[in-house]
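Heads up, the thing below is written out as structure tokens.
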Amino acid sequence: MSLRTTSLGEIAIAIPGSTALFHKYDLDFCCGGKHTLAEMAERRGLDIDKIEQELQQLTRQETNNDENWREAPLAELIDHIITRYHDGHRQQLPDLIAMAEKVERVHGAKAACPRGLTKVIDEVYQHLSEHMMKEERVLFPMIKQGFGSRASDPIAVMEFEHNEAGEQLEVIKSLTNNLTPPEEACTTWRALYSGIDNFIQELMQHIHLENNLLFPRALRGE
């Protein structure tokens, strides 16, 4: 396939390891997964030749340990999303909120302090908690019962909320200088940014599995 004219979501599905590469270049393959590689590279001012070479290298690597969620039963994919991502986010975010509150309390007078970060992470937590609850109580049972092809409306709502989450992540990146701690940052400050970075990677992979795999397959009635 022509990588340049292929959507980021399709590449993320077809090339194992590409999601880590997209994260490195700050390319949104979940909420922005419908845009082509060329479109997103141009938008970010990136060297598309270099990215394409790295993607081609990934296609040549062995990928025996990758789970093929393109073919797994949808019930298995849903269970994986809940245990791997929903439960994971519920554990991650309270810890991040506590660390952010400490950093703002102790270092609030410093110019580099991410003032307002605690509030934004808490908003992400509240938004995501409600979102995941709706999926677990309404949408996922519909799909498991074989009614995915009738779930276009709830799926559209979930995709809209995914976009909202993506916008919240951009606010976090702006407040934290793209998750770059200042030289004087203490251990908690650095751990906070590292934890947020891990959360963002997890959330993007989570949204990718839903937007680009689970939802399309469910709507096709698989």
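Counting only Cβ charges, +1 for Lys and Arg and -1 for Asp and Glu, the dipole size of the chain around its Cα centre is about 180 debye. FRET efficiency for the pair Phe160 and Arg105, taken as 1/(1 + (r/R0)^6) with r the Cβ-Cβ distance and R0 = 25 Å, rounds to 0.10. The dipole here belongs to the stretch 3-60: it is taken about the Cα centre, uses +1 on the Cβ of Lys and Arg and -1 on the Cβ of Asp and Glu, and is about 100 debye. Rounded to the nearest 500, the helix-only mean residue ellipticity at 222 nm of the chain stands at -19500 deg cm²/dmol, with each DSSP H run of n ≥ 4 adding -39,500 (n - 2.57).
Taking all protein chains as present, what is the carbon and sulfur share of the accessible area of the chain, in % to the nearest whole number, probe 1.4 Å? Within the chain, the accessible surface is 48 percent carbon and sulfur. Net charge around Ile48, counting only other residues with Cβ within less than 12 Å of its Cβ (Lys, Arg = +1; Asp, Glu = -1)? My count for the surroundings of Ile48 gives -2. Once you've got the Cα coordinates, tell me which of Lys24/Lys134; Lys24/Lys50; Lys102/Lys173; Lys24/Lys144 are over 23 Å apart. Too far apart for the 23 Å limit: Lys24/Lys134; Lys24/Lys144. The relative contact order of the chain, computed from alpha carbon pairs under 8 Å that lie at least 6 residues apart in sequence, is 28 percent.
The values are calculated or read from the model by the stated rules, or taken from the named source; none is laboratory data. Source: prediction; values computed, not measured. Glycine gets a Cβ as well: all are built from the backbone with ideal geometry, and neighbour counts include every protein chain shown. Only protein heavy atoms, including side chains, enter the accessible area calculation; ligands, DNA and RNA are left aside. Shrake-Rupley method; radii C 1.70, N 1.55, O 1.52, S 1.80 Å.
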